[in-house]
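A single structure is presented below for examination.
The values are calculated or read from the model by the stated rules, or taken from the named source; none is laboratory data. What you see is a predicted model, and the numbers here were worked out from it, not measured in a lab. Methodologically, a virtual Cβ is constructed for each residue, glycine included, from the backbone with ideal geometry; neighbour enumeration extends over all protein chains shown. Calculation scope for accessible area: heavy atoms of the full protein, side chains included, ligands and nucleic acids excluded. Shrake-Rupley method; radii C 1.70, N 1.55, O 1.52, S 1.80 Å.
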Amino acid sequence: MSWRDHLQARLLEMRPASVHALDEAARQLASRVLQDTPVRAPGKPPDSLCALALGVDALNGLNVQQARHLINQTRLYIAPRILLVAQPDCALDCGMFRALGFTPSATAATENRHIHYYDLDTYKTVPDWLNTRHWAHPERWQP
């Protein structure tokens, strides 16, 4: 399966309510695959959060700092879920994507392309100690 086929299958599986395209190739792909879904064009900041941000060529030509900035701005202001294609000359490697909270979605070895997925809701599991059982006990507080 090629990376384009995987990306199309992934979009059909996810069926996001809205898509923000990070580049023109992503806009064309999302418009073709998700015909009934609103797709916002690249370069226009959305009025509200979209369900998914999609990037095919968005990282092309960016250095590490620029790529990280784009990803951080996207997850903060555009969409809580991101699907990105990393081209062979991408400044970020798989380890850097993992450090940013992405999970590998697919690898096209023949074309040397990687698809990475980020979801704010599932990127980190909540540790057991982070609950009200382990917080301060006001009944034990003495002035």
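Looking only at the range 29-46, count how many residues are open to solvent by less than 50 Å² (accessible area, probe 1.4 Å) and either at positive phi or within 17 Å of the chain's Cα centre (by Cα) (or both).
So the count comes out to 6.
Does residue 125 satisfy the criteria of being part of a strand (DSSP E or B), surrounded by fewer than 17 Cβ atoms within 10 Å (Cβ to Cβ) and modelled with pLDDT under 85?
Criteria not met by residue 125.
Considering only residues that are closer than 22 Å to residue 72 by Cα and of a type in the set (A, V, I, L, M), look in the range 107-122 and name the one that is least open to solvent (accessible area, probe 1.4 Å).
115
Continuing with the same structure: State whether one or more residues within the range 47-58 are in contact with a Cys (Cβ under 9 Å, 6 or more places away or on another chain), surrounded by 13 or more Cβ atoms within 10 Å (Cβ to Cβ) and modelled with pLDDT of 85 or more.
No: zero hits.
In the range 59-74, how many residues are of a type in the set (Gly, Ala, Ser) and surrounded by fewer than 20 Cβ atoms within 10 Å (Cβ to Cβ)?
Here the count works out to 1.
So residue 77 fits all but one of (1) in contact with a helix residue (DSSP H, G or I) (Cβ under 8 Å, 6 or more places away or on another chain); (2) within 23 Å of residue 30 (Cβ to Cβ); (3) surrounded by fewer than 18 Cβ atoms within 10 Å (Cβ to Cβ); what number is the exception?
Condition not satisfied by residue 77: (1).
Of everything in the range 85-106, what is buried (at least 17 other Cβ atoms within 10 Å of the Cβ) and either touching a residue at least 60 places away in the same chain (Cβ under 8 Å) or hydroxyl-bearing (Ser, Thr, Tyr) (or both)? Give them in sequence order.
Passing the criteria: 85, 105, 106.
If we only count helices (runs of 4 or more DSSP H) wholly inside the range 1-80, which ones have 3 or more residues that are in contact (Cβ under 8 Å) with a residue 12 or more places away in the chain and within 13 Å of residue 118 (Cβ to Cβ)?
Output list reads 64-77.
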